[in-house]
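Participant: Below are the structure tokens for one structure; questions will follow.
The values are calculated or read from the model by the stated rules, or taken from the named source; none is laboratory data. From a predicted model like this one, the values you see are computed outputs, not experimental measurements. Here the Cβ positions follow ideal geometry from the backbone for every residue, glycine too, while neighbour counts run over all protein chains shown. Just so you know, the surface numbers come from the protein's heavy atoms only, side chains and all, with ligands and any DNA or RNA stripped out. Shrake-Rupley method; radii C 1.70, N 1.55, O 1.52, S 1.80 Å.
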Amino acid sequence: MQVYKAPLKDYKFLIKDFLNSSTTDLILNNSDIDQSDLEMILDEAAKFCEEELLPINQSSDSEGCIFNKGKVATPKGFIKAYKNFVENGWQGISVEKKYGGQNLPYFVNMFLDEMISSANMSFGLYPGLTSNAIDAIEKSASNEIKDLYLPKLSTGEWTGTMNLTEPQCGTDLGLIKTMASPQANGSYKITGTKIFITCGEHDLSENIIHLVLAKTPNSPEGIKGISMFVVPKIIPDEEGNLGEKNSLECSSIEKKMGINASPTCVMHYNEAKGWLVGDLHKGMKAMFIMMNGARLMVGVQGLGMAEISYQSALYYAKERLQGRSLKETKNPDKPADPILVHPEIRKNLLKIKTLTEGIRGLMAWTGLQVDISRIEKDKFKKQHSDDWIALMTPILKSFSTEVGCEASSLAVQIYGGHGYIRDHGIEQLVRDARIAPIYEGTNGIQALDLVGRKMPMHTGRLLKSFFHVVKEYLEKNSFNYNLSEFIPPLAKSFGRLQQITSFIALKGLNDPDEAAGPATDYLKMFSLVAIGYVWTQYAEISYNKGKEDPEGFYKAKIESGKYYMSKILPETGSLMSSILSGAKYYNEFDDKYFDSGFAL
Amino acid sequence: MKILVTVKRVIDYNVQIRVKSDGSGVETENVKMSMNPPDENAVEEALRIKETGKADEVIVISVGGEKSQETIRTALAMGADRGILIKADSNLEPLAVAKVLQKIIEKENPKMVLLGKQAIDDDCNQTGQMLSALLGWEQGAFVSKIEVDGNSVSITREIDEGLEMLKLSLPVIVTCDLRLNEPRYASLPNIMKAKKKPIDLLNVEDLGVDTSPRIKQIKVEEPPKREKGIMVKDVAELVQKLKHEAKVI
């Protein structure tokens with residue numbers, strides 16, 4: 001059974017205890033809210049997700065979207081839920097007030113997105129893509145385009161899409177063929193085929209605004225010749241009233257593994273009218289400004305999937321009676337004990353719990369940096385926040401989505417056969433979570449971004465935004481008696497990370513394969529240490545709050561943290577050994593040996 | 001027309017109730033609290049009446065502790081115009097609450113007062129009826145449909161025999177059933193607006209109302225745990241046990 005209650009207590013802990021600082025208050029103040037407003041906002045969002053989105057999660061997965069003659073019908077309940085979602089104003093949560101949004105802090109938006117992803121990941125894609133489109137237009141487009149499109153996008157009356165991929169290119173966008181020809185009136189005619197367009201066509205909104213990457217006649221080769229265009233499904237007049245239909249269509253939707261309630265469309269543009277967003281040939285730049293935010297939000301999806309997997313698995317582990325506890329019977333008047341008594345089940349649950357809560361803290365901290373960067377006047381403080389965000393984006397996108405997959409898979413394991421069959425809705429979690437390591441730049445690409453771009457950037461300055469902070473923290477707390485089960489393992493794993501960082505940097509100078517090879521292992525190691533740092537801070541806070549803890553919330557944080565530090569963090573050791581053994585074992589492996597076991 | 005709506009802060013309907021170990025009451029510390037569910041229906045209905053243009057102000061009132069402000073805030077975020085909190089430390093009995101409300105009503109002069117039919121904490125189901133008697137206003141209790149037409153209000157009541165349709169004249173007291181409507185969510189823009197809406201704070205002592213309890217609560221305890229079943233040999237043994245041990249026949 002899919003079980004989900006928004007982790008509101010954890011959010012409140014993060015806001016009040018973990019993020020708590022004068023900066024957080026300033027950011028809230030800047031958005032015209034205080035802590036208690038924030039609680040109310042999260043409470044209402046939670047209610048909406050639990051009551052409106054979760055109940056249609058399973059049915060919408062089995063129904064899927066229906067394609068008929070260029071139109072896409074969304075599953076039962078989606079039209080009502082979407083109407084409810086936009087009427088309650090959630091689409092505009094982080095949009096500027098002048099475009100009809102509420103301009104709330106980014107980290108609050110992250111909490112909202114996590115709840116939506118847990119309750120119904122497919123549903124979340126519709127407003128999620130709109131947010132991406134808003135972001136791209138807000139940061140790159142002319143005022144005319146902003147004024148025309150942003151008000152209706154931020155109310156959710158119109159939805160948005162991102163059109164990058166074409167049949168011959170996904171990761172390597174330099175190969176795109178879609179062409180935009182300039183017209184005398186300043187508009188363009190767009191022609192080409194785009195695939196994998198999430199929510200490219202559907203029945204939730206009156207208009208769909210496509211952002212399309214295309215080349216222009218005689219534009220430079222490769223990604224330097226790409227520009228971004230806004231191409232509406234129905235062309236609005238200057239006041240935003242809907243006019244004629246544009247010359248574009250959805251020709252089919254994909255059959256796929258998961259997120260079945262969101263359509264993945266093939267889009268044909270046949271001399272469709274479009275307008276340039278930002279500067280000519282600067283489409284990739286515009287796209288990347290948007291993409292960094294989108295990557296963090298995909299990380300949030302991973303987190304959301306991990307949370308619902310955990311809650312669903314925990315529910316079952318308490319309900320399901322099988323076998324007896326090995327040491328002593330826990331449930332004498334029942335035929336068996338709940339499976340929660342078994343060590344293997346407990347370990348799996350604790351693994352998901354500690355990774356999820358740790359990632360949530362790292363995510364919220366990074367979200368806070370986005371807010372700080374927006375308002376900070378001090379150049380160096382702003383730079384520190386920007387460096388932290390740039391460094392953590394590939395880490396959070398990759399690691400969080402990996403954890404989403406692992407958590408859902410472990411949830412199936414805890415349900416056993418009942419997880420593998422469809423009735424309980426647990427296998428759906430595996431299928432839905434599996435897209436997140438793939439889209440918005442595969443996790444392999446994220447690891448290359450970390451090792452190849454972020455690591456050497458500004459001669460290692462980005463790394464310092466993390467390394468210096470942790471180093472100082474360790475020095476400050478080295479004699480903190482309370483943290484005796486936290487500081488030593490953190491220091492040890494941090495030392496490993498420093499050592500491996502220099503190892504990869506040095507090796508990579510001579511041979512790029514030596515840096516690319518261990519990239520995903522390195523990213524994982526980095527993630528584990530960063531989360532260890534988060535858990536150590538949780539523990540520090542929780543020891544100080546120990547006296548005001550009637551529900552045992554802080555005690556639970558300390559005990560969970562101990563589990564993480566002693567059972568999960570040591571994995572950095574095996575990752576280190578593997579990385580130190582070098583990349584030659586796969587790079588120099590003869591291609592012909594790959595098929596040595598069978599005849600082709 | 002002004003509409004006054006009463007709201008009560010109660011333990012959330014999802015929470016498993018725990019009795020305090022000393023038997024003095026129910027545990028409310030660190031327990032999730034929210035608006036009494038039928039009160040949500042009352043707020044919703046008032047807002048709908050206002051949206052049809054038949055009312056111009058919706059005032060929300062609560063009698064309770066400082067934290068009842070949060071409950072009023074929720075109603076304001078749903079769309080109510082302003083709030084009044086009558087601060088009272090102890091749990092007042094329905095008669096006392098009705099008397100407090102009477103005082104406020106005499107001052108505010110609403111033409112319609114909407115209440116939840118009962119609160120899910122004590123299940124008293126008395127305040128609305130008592131208030132009607134104190135004011136001498138017409139009343140409709142357990143209402144699942146309201147239509148305002150000039151000076152009269154047509155209501156449908158959920159009663160044991162089925163549905164009862166009545167026509168009342170303003171001013172009226174109406175207590176709302178869960179079937180009346182589906183309460184809306186507080187929208188994000190309305191939550192943002194709610195913080196700027198005023199809430200008047202008054203102390204119950206300052207109203208000059210006798211709120212002294214008429215009932216003495218002796219002890220609160222949990223219902224006895226269900227005991228394990230046993231197998232009986234035959235009908236004779238069953239009858240014997242029902243007679244002598246269970247003492248039910």
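Participant: Applying the Karplus parametrisation 6.51 cos²θ - 1.76 cosθ + 1.60 with θ = phi - 60° to the phi angles of segment B:211-226, what ³J(HN,Hα) value in whole Hz is obtained for each residue in order, glycine and proline being reported as x?
Facilitator: 10, 4, x, 9, 10, 9, 8, 8, 7, 10, 9, 6, x, x, 5, 5
Participant: Follow-up. Of B:Lys67/B:Lys107; A:Lys139/B:Lys196; B:Lys87/B:Lys197; A:Lys97/B:Lys196; A:Lys347/A:Lys492; A:Lys146/A:Lys215, which sit over 20 Å apart, Cα to Cα? List each step's numbers first, then the result.
Facilitator: Working: B:Lys67/B:Lys107 24 Å; A:Lys139/B:Lys196 31 Å; B:Lys87/B:Lys197 18 Å; A:Lys97/B:Lys196 17 Å; A:Lys347/A:Lys492 23 Å; A:Lys146/A:Lys215 22 Å.
Violating the 20 Å Cα-Cα cut-off are B:Lys67/B:Lys107; A:Lys139/B:Lys196; A:Lys347/A:Lys492; A:Lys146/A:Lys215.
Participant: Compute the Kirkwood hydrodynamic radius of segment A:459-586, taking the inverse of the mean of 1/r over all pairs of distinct Cα atoms, and give it in Å to one decimal. Let's see the in-between values first.
Facilitator: Details: mean 1/r = 0.0635 Å⁻¹.
It works out to 15.7 Å.
Participant: Using just the helices of chain A, give the 222 nm mean residue ellipticity in deg cm²/dmol: DSSP H runs with n ≥ 4 each add -39,500 (n - 2.57), and the total is spread over all residues, rounded to 500. Please list the in-between numbers first.
Facilitator: Details: 21 runs with 315 residues, N = 600.
Result for chain A, helices only: -17000 deg cm²/dmol.
Participant: OK, next. log10 I(q)/I(0), Debye, Cα-only segment B:65-168, no solvent, q = 0.22 Å⁻¹?
Facilitator: -1.47
Participant: Sorting A:Asp449, B:Asp123 by accessible area (1.4 Å probe), largest first, what list results?
Facilitator: Numbers: A:Asp449 15, B:Asp123 90 Å².
Final ranking, largest accessible area leading: B:Asp123, A:Asp449.
Participant: A further question on this structure: Quick query: amide H of B:Asn125 versus all other amide H atoms, modeled in the peptide plane; which residues come in under 5 Å with a sequence gap of 5 or more or a different chain?
Facilitator: Hits under the 5 Å cutoff: B:Ala119.
Participant: Charges only on Cβ, +1 for Lys and Arg, -1 for Asp and Glu: so what's the dipole of the protein assembly as shown about the Cα centre, in debye to the nearest 20?
Facilitator: 1280 debye
Participant: I would also like to ask the following. Below 18 Å, Cα to Cα, which lysines can B:Lys216 reach? Residues fewer than 8 away in the same chain don't count.
Facilitator: Straight-line reach from B:Lys216, under 18 Å: B:Lys20.
Participant: Under 20 Å between alpha carbons, and skipping anything fewer than 8 positions from A:Lys353 in its own chain: which lysines qualify?
Facilitator: A:Lys5, A:Lys9, A:Lys12, A:Lys318, A:Lys397, A:Lys524, A:Lys555, A:Lys557, A:Lys562, A:Lys567
Participant: Using modelled backbone amide H atoms (1.01 Å from N, in-plane), which distant-in-sequence or interchain residues come within less than 5 Å of B:Glu57's amide H?
Facilitator: Amide H neighbours of B:Glu57, under 5 Å, 5+ apart: B:Ile3.
Participant: At a probe radius of 1.4 Å, what is the per-residue accessible area of B:Glu158, in Å² to the nearest 10?
Facilitator: Result for B:Glu158: roughly 50 Å² accessible.
Participant: Could you work out Rg/(2.2 N^0.38 Å) for segment B:1-89, with Rg from alpha carbons only? Could you put the intermediate results ahead of the total?
Facilitator: Values: Rg = 14.8 Å, N = 89, 2.2 N^0.38 = 12.1 Å.
Taking N as the residue count of segment B:1-89, the ratio is 1.22.
Participant: Checking the cross-link filter: which aspartates and glutamates have an alpha carbon closer than 16 Å to that of A:Lys256, excluding same-chain neighbours under 8 positions apart?
Facilitator: Counting by Cα, and skipping residues close in sequence, A:Lys256 has these aspartates and glutamates nearby: A:Asp61, A:Glu63, A:Glu427, A:Asp432.
Participant: Scaled to the compact-protein estimate 2.2 N^0.38 Å, what is the alpha-carbon radius of gyration of the protein assembly as shown, rounded to two decimal places?
Facilitator: Relative to the rule-of-thumb radius for its length, the protein assembly as shown sits at 1.07.
Participant: When DSSP beta bridges are limited to those with both residues in segment B:1-78, what percentage is antiparallel, rounded to the nearest 5?
Facilitator: Details: 4 of 9 bridges.
Around 45 percent of the beta bridges assigned by DSSP in segment B:1-78 are antiparallel ones.
Participant: If you line up the Cα atoms of segment B:2-244 on their principal axes, what length do they span on each, largest first, in Å?
Facilitator: Extents along the principal axes: 71, 40, 39 Å.
Participant: Using a 1.4 angstrom probe on the protein heavy atoms only, could you order A:Asp279, A:Asp10 from most to least accessible area?
Facilitator: Values: A:Asp279 105, A:Asp10 10 Å².
If we order A:Asp279, A:Asp10 from most to least accessible, we get A:Asp279, A:Asp10.
Participant: Sorted by packing (mean other beta-carbon atoms within 10 Å per residue), highest first, where do A:138-150, A:540-552 land?
Facilitator: On the way: A:138-150: 17.8, A:540-552: 13.4.
Averaged packing, sorted descending, gives the order A:138-150, A:540-552.
Participant: Moving on. Percent relative contact order of segment A:159-287, based on C-alpha pairs within less than 8 angstrom and at least six residues apart? If you can, show how the numbers build up before the last one.
Facilitator: Values: 311 pairs, mean separation 38.3, N = 129.
Over segment A:159-287, the number comes to 30 percent.
Participant: Right, here's the next one. Determine how large the accessible area of A:Phe67 is when every protein chain is in place; take a 1.4 Å probe and give Å² rounded to the nearest 10.
Facilitator: Near enough 70 Å² of accessible area.
Participant: With every protein chain in place, what's the accessible area of B:Lys241 (1.4 Å probe, Å², nearest 10)?
Facilitator: Rounded to the nearest 10, the figure is 50 Å².
Participant: Calculate I(q)/I(0) for segment A:159-287 by the Debye formula, one identical point scatterer on each C-alpha and no solvent, and give its log10 at q = 0.18, 0.20, 0.22 Å⁻¹ to two decimals.
Facilitator: Calculated log10 I(q)/I(0) at the listed q: -0.95, -1.15, -1.34.
Participant: Counting other Cβ atoms within 10 Å of each Cβ, which trypsin sites (Lys or Arg not before Pro) in segment A:300-376 have at most 16 and sit in a DSSP loop? The partial results should precede the final answer.
Facilitator: On the way: sites: A:Lys318, A:Arg320, A:Arg324, A:Lys327, A:Lys330, A:Arg346, A:Lys347, A:Lys351, A:Lys353, A:Arg360, A:Arg374; in loops: A:Arg320, A:Arg324, A:Lys327, A:Lys330.
Qualifying residues, ordered by number: A:Arg324, A:Lys327, A:Lys330.
Participant: Provide, as a two-decimal number, the C-alpha radius of gyration of segment A:30-76 over 2.2 N^0.38 Å, N being how many residues it has.
Facilitator: On the way: Rg = 17.1 Å, N = 47, 2.2 N^0.38 = 9.5 Å.
Compactness ratio reported: 1.80.
Participant: Sticking with this structure for a sec: Accessible area, 1.4 Å probe, largest first: how do A:Met1, A:Met291 sort? Each step should come with its number before you reach the end.
Facilitator: Details: A:Met1 95, A:Met291 15 Å².
Ranking A:Met1, A:Met291 by accessible area, largest first, yields A:Met1, A:Met291.
Participant: So, one more: Of the listed peptides B:20-30, B:98-108, A:334-344, what is their order by residue-averaged count of other C-beta atoms within 10 Å, with the highest listed first? Spell out each step's value before the answer.
Facilitator: Working: B:20-30: 11.3, B:98-108: 17.9, A:334-344: 15.3.
Descending mean neighbour count gives B:98-108, A:334-344, B:20-30.
Participant: Just the number, please: buried accessible area between A and B, total of both chains, 1.4 angstrom probe, nearest 100 square angstrom.
Facilitator: Working: alone 26370 and 14920 Å², together 39550 Å².
Looking at A and B, the buried total is near 1700 Å².
Participant: Restricting the count to DSSP beta bridges whose residues both fall in segment A:159-287, what percent are antiparallel, rounded to a multiple of 5? Could you put the intermediate results ahead of the total?
Facilitator: Numbers: 31 of 37 bridges.
If we restrict to bridges inside segment A:159-287, about 85 percent are antiparallel.
Participant: Follow-up question, since we're still on this one. Going down the list A:Lys233/A:Lys282; B:Lys8/B:Lys103; A:Lys334/B:Lys225; A:Lys80/B:Lys50, which pairs span over 21 Å between their C-alpha atoms? Intermediate results must be reported in sequence, preceding the final value.
Facilitator: Details: A:Lys233/A:Lys282 23 Å; B:Lys8/B:Lys103 18 Å; A:Lys334/B:Lys225 16 Å; A:Lys80/B:Lys50 24 Å.
Beyond 21 Å between Cα atoms: A:Lys233/A:Lys282; A:Lys80/B:Lys50.
Participant: For segment A:8-140, evaluate the Debye formula with one uniform point scatterer on each Cα (no solvent term) and list log10 I(q)/I(0) at q = 0.12, 0.17 Å⁻¹, rounded to two decimals.
Facilitator: Result of the Debye calculation: -0.53, -0.97.
Participant: Next up: Please compute the per residue accessible area over segment A:159-287 with all protein chains in place, 1.4 Å probe, rounded to a whole number of Å². Intermediate results must be reported in sequence, preceding the final value.
Facilitator: On the way: 5440 Å² over 129 residues.
I get 42 Å² per residue for this part.
Participant: Express as a percent, rounded to the nearest 5, the fraction of DSSP beta bridges in segment B:2-244 (both residues included) that run antiparallel. Write out the running numbers ahead of the final one.
Facilitator: Details: 18 of 46 bridges.
If we restrict to bridges inside segment B:2-244, about 40 percent are antiparallel.
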